[in-house]
Amino acid sequence: YQHKAVMETSDMVSGLTPGTTYYYRVQAVNSGGYSEYSNVISLLTIPGKPTAISATDVKSTSFTANWEEASGAESYRLDVAKSNSFASYVAGYNDKTVSDLKDAVIGLTARTTYYYRVRAVNGNGTSEDSDIIKVTTAPEAPDVNPATNITPTGFTANWSSVSSVT
């Protein structure tokens, strides 16, 4: 964009890298020559969309949502829902501000499928949504019952049945 002639008082600059600082200045020109340069303006472009990655530490009522860093991001916004249309959010996880690259999602239901997505944010705006990650919480833990058939060399371990497990 060096010495681009523009007849207006603004010009769209495109093809830039998300989350990157750029600088610009302008000059006026006529048949008599060029003016001095204007003051320099700096700006940070909106971050690109982050890459959401698989959940970790999946338990019966929680999991950790994870994503990769987006260049120029100052924070992230996390959504968690029971449907991939995000028509209804899990309480506390609708546009939740997170400063890290992960967040513990708690208060969930065992053996339930959830979906999460994330956006990157800086002072100039918010990125597009990441891809959607699907995660199913683990079953609840069975209740352990006292051992039976205790012998000098063994015993029978006993526990309650948990539905819908393999």
Specify which labelled value, from [x] 1.76; [y] 1.07; [z] 1.28, agrees with Cα Rg over 2.2 N^0.38 Å derived from the coordinates of the model shown.
[x]
Net lengthening on full extension, Y89/V58 (0.36 nm per residue, minus Cα-Cα)
9.3 nm
Determine, from the Cβ-Cβ distance of M12 and E36 and an R0 of 25 Å, the FRET efficiency 1/(1 + (r/R0)^6), rounded to the nearest 0.05.
0.50
Apply the a/c threshold of 1.5 to the C-alpha gyration tensor of region 62-119 and tell me whether it is rounded, prolate or oblate.
prolate
For region 1-77, Rg(Cα) over 2.2 N^0.38 Å is 1.85
Taking the Cα atoms of region 53-92, report the difference between the largest and smallest coordinate on each principal axis, in whole Å and largest first.
32, 25, 17
Taking 22-32, 96-106, 81-91 and ranking on average Cβ neighbours within 10 Å, highest first, one gets 96-106, 81-91, 22-32
Report the one residue of P50, M7, Y23 whose Cα lies farthest in the direction of the positive end of the charge dipole of region 1-82 (charges on C-beta: Lys and Arg +1, Asp and Glu -1; origin at the Cα centre).
P50
Which value, in Å², gives the accessible area per residue of the chain when a 1.4 Å probe is used on the protein heavy atoms?
67
Tell me the carbon and sulfur percent of the accessible area for region 1-126, rounded to whole percent, probe radius 1.4 Å.
49
Could you tally the net charge around D95, taking each other residue with its Cβ under 10 Å from the Cβ of D95, Lys/Arg +1 and Asp/Glu -1?
+2
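The values are calculated or read from the model by the stated rules, or taken from the named source; none is laboratory data. As the structure is a prediction and not an experimental result, all values here were calculated from the model. As a convention, Cβ positions derive from the backbone with ideal geometry for all residues, glycine included, and neighbour counts pool all protein chains shown. Side chains included, ligands, DNA and RNA excluded: accessible areas come from the protein's heavy atoms. Shrake-Rupley method; radii C 1.70, N 1.55, O 1.52, S 1.80 Å.
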